[in-house]
Amino acid sequence: MSKDKLWGGRFTQPTDKFVEEFTASIDFDKRLYHQDIRGSIAHARMLGKQGIIPMEDVLAIEKGLNEILQQIEAGTFDFSISLEDIHMNIEARLSEKIGEAGKRLHTGRSRNDQVALDIRLYLRDEIVAISAYLDMLIDALISQAEANLGVIMPGFTHLQTAQPILFSHHMLAYVEMCKRDKARMEDCLKRVNVLPLGAGALAGTTFPIDREHVAEILDFSEVTRNSLDSVSDRDFALEFIAAASILMMHLSRFSEELILWSTSEFKFVELSDSFCTGSSIMPQKKNPDVPELVRGKTGRVYGNLMALLTVMKGLPLAYNKDMQEDKEPLFDTIDTVKGSLKIFADMIREMRINVSTMRAAAAKGFSTATDVADYLVRKGLPFRDAHEVVGRAVQYCIENEMELKELSVAEWQLFSGKIDRDIFACITLEASVNARAATGGTAEERVRMEIERLKAGK
Ligand code: ARG
């Protein structure tokens, strides 16, 4: 009958086989084994210290749990679907091993606060890992920016050539995004790092537990303040997936640029062969699979966010089994973000750039037109009038298939008498870039200062 179940007491019929499979989470929550054992040891120590269970039981529990840990890590632990989840798999094995003492472990807690604890412990470490991957990507971007300082590329708006910029400036734009992603992760960590254990099933426990002591053992900075909230809150996981979604959105935009920049039409960059694949039919192809996949995987992370928001939206307090559905989207998000960041950092490090193609592209599309307008403003023309003058000059160039820099002084003067020989020095690519020297601008000196600031960790 159901006597093999830890909750079998009030049941007379065995669980239907398919119901058992359908309701089990062991296939995916087994990855919480380490956190589950760590949490149980802390709980047992607290129960012992409070005199709720005997000290010799605590020792037996700790020893038994450590053996189970070793077995799981050695791959010799037999996970069972009929024991539903990681919590009951471990607890049942412990009782098998050490008898009575094992059965005392669950005193003063429930799986509801236990699972909340395990996820928080797990996510806490993963956020630290993701933060380190973000640092790797930031480093790779800064290295590229530093190694290629001075390289000019076209800056775009509407994907139309707008103004020349430094390639390094473009790389540092992604550094800013990554830094905000990191800050969001670290902020989320503050709300993850709160101990929920001690809430019991929903209302607290009748035993004289010491939650602060458990928090201290497990290195939590706070304990939750309301037992109902402790077992039903998944905001911390949602926040994490939301921050991960924004992070993936950044990687996806970058992917899109790398895909575009690797086309034969752009040819701005060359991704290393190890990040690309060929085509089975077209021998000339080298496809940017890695950025394409990262762009694609962004969709799964958004999907995970919607999935968990939707799971949570109608749930009455406190715990509901629906919440078991929190784990797969959370784990998938963690795996996807870590994988994408790791592969991106390596790809950026190995990316080669095509200096001459970028420069040639930056020279096209009348990219220095704004510089001519600014020149006229410095000569006393109101900006709107200057804009009009340059617009007409551009039109003239289009009709005559010329670039702005090819216009003679006489031709310039057809549009404004204020234009003189000194215009030529104003509309070189370097002049255009270096004129934008205020904080946040693309001038080489400014970008060099930014690189220094970032390298100093500021
Ligand atoms: N496997 C469950 C989950 O992940 C653990 C908590 C189960 N609690 C319960 N009352 N059924 O949510």
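Couple of notes before you dig in:
- The residue of the stretch 72-101 that is nearest to the ligand (Cβ to nearest atom), among those that are loosely packed, with under 14 Cβ neighbours inside 10 Å and either closer than 22 Å to Ser25 by Cβ or among the β-branched types (Val, Ile, Thr) (or both), is Asp78.
- Residue within the stretch 239-250 that is over 30 Å from Pro329 (Cβ atoms) and either among the β-branched types (Val, Ile, Thr) or touching a residue at least 24 places away in the same chain (Cβ under 8 Å) (or both) present: no
- Extreme residue, surrounded by the fewest Cβ atoms within 10 Å (Cβ to Cβ), among residues of the stretch 149-164 that are closer than 21 Å to Leu251 by Cα and in contact (Cβ under 8 Å) with a residue 60 or more places away in the chain: Gly155
- From Leu141, Leu117, Leu121, residue being at pLDDT 95 or above, within 16 Å of the ligand (Cβ to nearest atom), in a helix (DSSP H, G or I) and under 21 Å from the mean Cα position of the chain (by Cα): Leu121
- Scanning the stretch 217-260 for residues that are under 19 Å from Leu172 (Cα atoms) and hydroxyl-bearing (Ser, Thr, Tyr) yields a count of 2.
- For Cys178, the criteria (1) free of Cβ contacts under 8 Å to residues at least 60 places away in the same chain; (2) closer than 26 Å to Val337 by Cβ; (3) buried (at least 18 other Cβ atoms within 10 Å of the Cβ) hold in every case but one, which is (1).
- Filter pass, Phe268 being aromatic (Phe, Trp, Tyr), touching a Leu at 6+ places or on another chain (Cβ under 9 Å) and closer than 30 Å to Ala318 by Cβ: no
- Unique match (being in the same structural domain as Met171 (by TED's automatic domain parsing) and in contact with a strand residue (DSSP E or B) (Cβ under 7 Å, 6 or more places away or on another chain)) among Ser279, Ser340: Ser279
- Flag if Arg109 is within 34 Å of the chain's Cα centre (by Cα), part of a loop (DSSP other than H, G, I, E, B) and within 20 Å of Glu216 (Cβ to Cβ): yes
The values are calculated or read from the model by the stated rules, or taken from the named source; none is laboratory data. These numbers come from a predicted model, not from an experiment. Please note: Cβ atoms are built from the backbone with ideal geometry, for glycine as well, and neighbour counts cover all protein chains shown.
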